[in-house]
Amino acid sequence: MKPNQIIKLDQVFQAINAGIIVINDQDLVCYCNPVAAHLIGLGMQDILNKKITEVIPNSELFRVLQEEESNADQLMIGDRMVITSRSPIDQDGKMVGAVAVFQDGSELQRVLSRLDNTQNSLTGLENIFEQAYDGVMVVDSQGIVTRITKTYCRFLNIAQEDAVGRHCTEILPTSRMHIVAQTGHAEIGEVMDINGKEAMVMRLPLRENGKLIGAVGKVMFRDVQDLRTLAEKLDVLENKLKFYEKELKHYQKFRYTFSNIIGKSQAILQTKVLAEKAALGKSTVLLRGESGTGKELFAHAIHAASLRHDQPFVRVNCGAIPAELLESELFGYEEGAFTGAKKGGKPGKFELANKGTIFLDEIGDLPLGMQAKVLRILQEKEVERVGSNRLQHLDIRVIAATHRDLEKMMNVGEFRRDLYYRLNVFTVTIPPLRERERDVLLLSEHLLDKFQRELGSSVKILDRRVAELFQLYSWPGNVRELQNSLERAINVAEGYVIHLEDLPLYLQDLEGRRSTTSLQTLTLEMADAERRAIIKALKTARGNKTKAAEFLGIHRTNLYKKMEKYGLEGEISDGMV
Ligand SMILES: Nc1ncnc2c1ncn2[C@@H]1O[C@H](COP(=O)(O)OP(=O)(O)OP(=O)(O)O)[C@@H](O)[C@H]1O
């Protein structure tokens, strides 16, 4: 070899993108190009004239020299994988050295590992495809089956190897997979006949880079009956849900309207007119009146006649909830707010009443601490659940009620002045029953009817003495007391009529005392006589009041007054008189 020729060859070796290393017959490196030095990771001075095993400890190059045979291999140099090809150098039949050409294999290694991953995913997908509980079939754009699950094959009664490669209609005449593969229009939830059974299927077109390449079909329900059963179950659940929703609405809805408030006395009629006015406005309403006068009834009726009537009506009995629970009942709480807090938290009554009406019954029983919190909500119109820092805006109307003397409570510091003024905007005071004398019999009649419907009682009317006693009694417990007395009486009464003996003992005693008090007896006897005379006159005059007044020798307006007093208006033929 001429020197200038060596230089040229060396230039080639320098330029080549592969490592080249040459050893002589002493195993010493006599040539190494820059790529090889870079892959080995040493400088030229540490490579040239060094034993090859010092440079690359696991080199096999000297073996090629000994065995005089070429080979190719993968080799680790440091942490790098290289692919090497080794050959002995023969000069005139004598081995003078060996050359190794090697290339960085890490890129190749990365490609191989990606291939490996792809292979694994493919195997995984194939397994999933095979394990699919329902039948799945894939066709190409011509409708030729390329894949089909074993389950589907069993369902179609065909061997998997017989199915693949055939046109879908050959294995299932009703198949439309080839059509979907052509049109590209998915068909979902179609019922098809598969071997005499109705199954529900879906067929989806397959696209690659926007081009249709086939279709995949899946049996959703092998038997439409399965679907029907499922639909029936869903139906039952939906009905249940509707029922509970209705119940909830009913619970949150008003139960009474103004027409449920019985009474024709001036006092109650005026109160109703005032309450109807309150209903049409937006202001807070404060219902006052003795216990049992019908405050709750009025609260329902006001909500029912208001613009919010189709929104919730939520009642809170401020006196019945233990103080320690009041806060979470009124404002709700977040999950984990305290030990025992329900999962998911719980909305408070204010939140439940949003957009509707909240009825704060027995507001006078609200503890002082809570009064401040309730006041804040009424002022800010925002509520924050216990354990939360999120404020919720509220749009609520407030109706409050109490039988207590709030002014007196305020003066002794039991009721907050600011809350009092916030509530006392539109006050409706419900008169006690003793001021509605003529309503007692009307209410009794109404309540007896109600009991007859609810309890199936046969009792219908009051004995004359009972009716008299009812009209004269002061009813400190108001309508509730009347209601309770009648309920007790119908349980005791044996026939159609309620007698004195059927009344609670305290009322019987009262009647006993009344009969022995001569002055009272005289008044009552006179009233009784007057009442009877009026009834007789009205009957004789066949209801004509002018004539009846003439018979009695009194003025017509006087007759009206007396009829109102004895509750005879419109009830002259009623069993009660
Ligand atoms: N005018 C009325 N017509 C028909 N029923 C009435 C009337 N007033 C009261 N009632 C009945 O009397 C009972 C007591 O009424 P309600 O509970 O509304 O009274 P309240 O004033 O809210 O009592 P409390 O202050 O003790 O809570 C209820 O069963 C109610 O339906």
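The values are calculated or read from the model by the stated rules, or taken from the named source; none is laboratory data. Everything numeric in this text was worked out from a predicted model, so none of it was measured. Here the Cβ positions follow ideal geometry from the backbone for every residue, glycine too, while neighbour counts run over all protein chains shown.
For first residues located in region 285-305 and of a type in the set (Phe, Trp, Tyr), partners that are within 8 Å of the ligand (Cβ to nearest atom) and lie 6+ apart or on another chain with Cβ distances below 6 Å form the pairs 298/287.
Counting the residues of region 445-485 that are among the basic types (Lys, Arg) and either away from the ligand (no atom under 16 Å from the Cβ) or at positive phi (or both) gives 3. Within region 45-59, the set of residues being surrounded by fewer than 19 Cβ atoms within 10 Å (Cβ to Cβ) and either part of a strand (DSSP E or B) or modelled with pLDDT under 90 (or both) comprises 51, 57, 58. When region 265-299 is filtered for residues that are in a loop (DSSP other than H, G, I, E, B), closer than 18 Å to residue 479 by Cβ and out of contact with any helix residue (DSSP H, G or I) (no Cβ under 6 Å at 6 or more places or on another chain), only 291 remains. Checking each residue in region 128-176 for being within 25 Å of residue 198 (Cβ to Cβ), among the β-branched types (Val, Ile, Thr) and either modelled with pLDDT of 85 or more or surrounded by fewer than 17 Cβ atoms within 10 Å (Cβ to Cβ) (or both) picks out 136, 138, 139, 145, 148, 149, 158, 169, 171, 174.
Annotation: residue 280 fulfils all but one of (1) more than 16 Å from the ligand (Cβ to nearest atom); (2) surrounded by 14 or more Cβ atoms within 10 Å (Cβ to Cβ); the unmet one is (2). Evaluating residue 427 against the criteria (1) surrounded by fewer than 16 Cβ atoms within 10 Å (Cβ to Cβ); (2) of a type in the set (S, T, N, Q); (3) touching a residue at least 40 places away in the same chain (Cβ under 8 Å); (4) in a helix (DSSP H, G or I) leaves one unmet condition, (4). Quick check on residue 275: is it out of contact with any strand residue (DSSP E or B) (no Cβ under 7 Å at 6 or more places or on another chain), in contact (Cβ under 8 Å) with a residue 24 or more places away in the chain, within 12 Å of residue 430 (Cβ to Cβ) and surrounded by 19 or more Cβ atoms within 10 Å (Cβ to Cβ)? Answer is no for this residue. Looking only at region 176-232, residues that are within 34 Å of the chain's Cα centre (by Cα), not aliphatic (A, V, I, L, M) and not in a helix (DSSP H, G or I) come to 7 in all. The residue that is nearest to residue 403 (Cα to Cα), counting only those in region 377-392 that are more than 24 Å from the chain's Cα centre (by Cα) and surrounded by 15 or more Cβ atoms within 10 Å (Cβ to Cβ), is 378. Taking interchain pairs and intrachain pairs at least six residues apart, which have beta carbon atoms under 8 angstrom, with the first residue in region 530-556 and under 23 Å from residue 464 (Cα atoms) and the second in a helix (DSSP H, G or I) and of a type in the set (Val, Ile, Thr)? So the pair list comes out as 548/534; 548/540; 552/534. In region 447-483, of all residues being polar (S, T, N, Q) and under 19 Å from residue 433 (Cα atoms), the one that is farthest from the chain's Cα centre (by Cα) corresponds to 471.
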